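Q: Sending over a structure as structure tokens; questions will come in a sec.
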Amino acid sequence: MVSRVRVWLNRTYAENVFFMDQLRRNPDDRAVEIHATHGDPDSPVPAAADTCEPEPEGLSPAAYVEYALAQCERRGIDVFVPRLHQAAIVAHRAEFEAAGTALLAPPPEAVAVFHDKVIAYEAVQAIGVPVPPWWRVRTADELVAAVEELEARGYRACFKPASGAGGVGFRVITRAPVSLAQLSGFPSPYVPLGPVLDAVREADEPVDWLVMPRLEQPEVSVDCLTGTDNRVRLAVGRTKNGRRRGFTLHEQWLEPARRIAEGFGLHHLSNIQFRMLDGLPVLMDVNTRPAGGLHQLALCGVNAPWAAVRLALGEDPGEMTPPFLGRDYTVVSGPRPLLPVPLPQQRADAGTLGAVPAPAPSVEPRTATGAPA
């Protein structure tokens, strides 16, 4: 009898409930037990897990590694999918392996390259992957110089943190003042240059921004599954043009993604994003983790999370080609269950965890397919 696989996801995006669903609906009918830790008691991730705990707050990266090792040993974790403190965790891969836990994450060298977008752009440009022009800015004068250079070339300037994820901090520079038209609609990423410069000048410390042209759609996110032999097993592009989503296997997107994944050893799951500049694809970003939209590949008959877990366990899934490409689609939200809200006395009993109350010791057991037992 094949033993069940115990998987741990630490603090991650809410969309990873779908990652968990796919692990349970694996084509091998293998029993999967999922442990989750999270800092937000109202995230759907803990409720979707078989067991869960609140994330400890305020730990340094080194202290978090000790906490993670203890979790793996205590809970018998076979595969750990780290998002929080990924860089610190992968630097201790040997210790996790000694505890019987495989890390579903790239090696530390790859994580370090893509933590900083400037270092990443320089590195991928050196292997022949096109990137947009960029400037690293820390002062108001540097920001003005970069914006004026981009505008002289006919581009609209935007900026984002040099280190960051998920589009947090992305803004597009405009010369137009704020108007009632902007204030009557939904919040916009467009910000006038003047107030941005004022904010930078008045800040207590320098900013660290990447300034570049506003890239055009379509946006193509290539999900890659790469072995520790640096060979890509799966590469599928997910396209986005406005609300319309779709899939592609066109080599103009897949070839540079493979070159990055194989050239930098982005083992296991990575997500490599492109957009258009002057009619040609250029690199936008590289994520050294599973993408939040990875589950959408199920529309192409592919269960990428399970293939990645198998790869982490040393069970090579081999070359994977989608049996078909799903039709175009759009994304709509839907309800997901949450853990029950604790009573006031339970909140008081949470002790040092404060506003992150500990869940019940066990949650509703589930079968390998994810249905309640």
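Q: Can you find a residue in the range 51-69 that is small (Gly, Ala, Ser), touching a Phe, Trp or Tyr at 6+ places or on another chain (Cβ under 8 Å) and either under 21 Å from Thr101 (Cβ atoms) or buried (at least 22 other Cβ atoms within 10 Å of the Cβ) (or both)? Explain how you work it out, then say what you get.
A: Initial filter on the range 51-69 (small (Gly, Ala, Ser)): 58, 60, 62-63, 68.
Filter once more, keeping what is touching a Phe, Trp or Tyr at 6+ places or on another chain (Cβ under 8 Å): 68.
Of the ones still in play, those that are also either under 21 Å from Thr101 (Cβ atoms) or buried (at least 22 other Cβ atoms within 10 Å of the Cβ) (or both) are 68.
Yes: the range 51-69 contains one or more residues that are small (Gly, Ala, Ser), touching a Phe, Trp or Tyr at 6+ places or on another chain (Cβ under 8 Å) and either under 21 Å from Thr101 (Cβ atoms) or buried (at least 22 other Cβ atoms within 10 Å of the Cβ) (or both).
Q: Show the residue pairs that are 6+ apart or on different chains and have beta-carbon atoms under 6 Å apart, the first residue being within the range 147-166 and among the hydroxyl-bearing types (Ser, Thr, Tyr), the second being assigned to a loop (DSSP other than H, G, I, E, B).
A: From the range 147-166, the pairs are Ser163/Asp116.
Q: When residues of the range 224-258 are filtered for being closer than 23 Å to Gln125 by Cβ, surrounded by fewer than 21 Cβ atoms within 10 Å (Cβ to Cβ) and among the polar types (S, T, N, Q), how many remain?
A: 2
Q: In the range 12-33, which residues are under 17 Å from Pro82 (Cα atoms), more than 19 Å from the chain's Cα centre (by Cα) and aliphatic (A, V, I, L, M)? Please lay out each step first, then the result.
A: Residues of the range 12-33 that are under 17 Å from Pro82 (Cα atoms), as a first pass: 12-20, 23, 33.
If we keep only those that are more than 19 Å from the chain's Cα centre (by Cα) as well, we get 33.
Scanning the range 12-33 gives no hits.
Q: Going by the conditions given, is Val90 surrounded by 20 or more Cβ atoms within 10 Å (Cβ to Cβ), closer than 27 Å to Arg258 by Cα, touching a strand residue (DSSP E or B) at 6+ places or on another chain (Cβ under 9 Å) and of a type in the set (A, V, I, L, M)?
A: Working: surrounded by 20 or more Cβ atoms within 10 Å (Cβ to Cβ): yes; closer than 27 Å to Arg258 by Cα: yes; touching a strand residue (DSSP E or B) at 6+ places or on another chain (Cβ under 9 Å): yes; of a type in the set (A, V, I, L, M): yes.
Judged against the criteria, Val90 is a match.
Q: If Asn230 passes every condition in (1) part of a loop (DSSP other than H, G, I, E, B); (2) not assigned by the TED database to the domain that holds Gln252 but one, which one does it miss?
A: Among (1) part of a loop (DSSP other than H, G, I, E, B); (2) not assigned by the TED database to the domain that holds Gln252, the lone unmet condition for Asn230 is (2).
Results for (1) surrounded by 15 or more Cβ atoms within 10 Å (Cβ to Cβ); (2) outside the structural domain of Ser163 (by the TED database); (3) under 19 Å from the mean Cα position of the chain (by Cα), shown as yes or no for each residue.
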| residue | (1), (2), (3) |
| --- | --- |
| Glu95 | yes, yes, no |
| Ala98 | no, yes, no |
| Thr101 | yes, yes, no |
| Val111 | yes, yes, yes |
| Phe114 | yes, yes, yes |
| Lys117 | yes, yes, yes |
| Glu122 | no, yes, no |
| Ala126 | no, yes, no |
| Arg138 | no, no, no |
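The values are calculated or read from the model by the stated rules, or taken from the named source; none is laboratory data. Keep in mind it's a predicted model, so treat the numbers as computed, not measured. Backbone-built Cβ (ideal geometry, glycine too); neighbour counts: all protein chains shown.
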